[in-house]
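Participant: Before we start, here is the structure in question, set down as structure tokens.
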Amino acid sequence: VGNNMLIFSAYYGRYTFWDLEAGAVGVMTATPTPEYVVEMYKSYFNGDRDRARDIFYYMMPIINFYNEKTLAVKKEILAQRGVIKSSRMKNPQQELTEDEKTQLRELLNWVEKQIEKNLGTRPLRFL
């Protein structure tokens, strides 16, 4: 983009790694897992492209989980991590069903374990 405009990656983090590859200088996404975005960004700009890519790939299942209920997914993750007390949504927003919450909990646990085991980044917890 030259020196006249700086690009930030956004859109729920769906393209963050590829945006960095294309020249984005930062990330601006409302993620309930900020530690992973920070680690991806730092790894990329410290020259560890493979680690940044791996973090991004591990994050993809969470980023794409029930795309039509993005806010409910984010609130549920924040509630599971102890950041907020409840994931309850106000009308007209749809809440996650109990099955969806269970699926999300299992998926989040898997993602957190994989990133910690394989890349050394621990999930944030506020419980």
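The values are calculated or read from the model by the stated rules, or taken from the named source; none is laboratory data. Source: prediction; values computed, not measured. For neighbour counting, all protein chains shown are included, and Cβ atoms are generated from backbone atoms with ideal geometry for every residue, glycine included. What goes into the accessible areas is simple: the full protein's heavy atoms, side chains included, and nothing from ligands, DNA or RNA. Shrake-Rupley method; radii C 1.70, N 1.55, O 1.52, S 1.80 Å.
Participant: Out of Lys117, Lys85, Lys113, which single residue is in a loop (DSSP other than H, G, I, E, B) and loosely packed, with under 14 Cβ neighbours inside 10 Å?
Facilitator: From the options Lys117, Lys85, Lys113, the qualifying one is Lys85.
Participant: Only one residue in Leu96, Leu104 is buried (at least 18 other Cβ atoms within 10 Å of the Cβ) and not in a helix (DSSP H, G or I). Which one?
Facilitator: After applying the criteria, what remains is Leu96.
Participant: Let me ask something additional. Filter segment 55-82 down to residues that are open to solvent by 50 Å² or more (accessible area, probe 1.4 Å) and more than 12 Å from the chain's Cα centre (by Cα), then give me how many there are.
Facilitator: Count: 5.
Participant: Looking at (1) without any contact (Cβ under 8 Å) to a residue 40 or more places away in the chain; (2) surrounded by 19 or more Cβ atoms within 10 Å (Cβ to Cβ), which one does Ile7 not meet, given that it meets all the others?
Facilitator: Single failed check for Ile7: (2).
Participant: Restricting to segment 15-36, count the residues that are surrounded by fewer than 17 Cβ atoms within 10 Å (Cβ to Cβ), touching a residue at least 24 places away in the same chain (Cβ under 8 Å) and assigned to a loop (DSSP other than H, G, I, E, B).
Facilitator: Total satisfying the criteria: 1.
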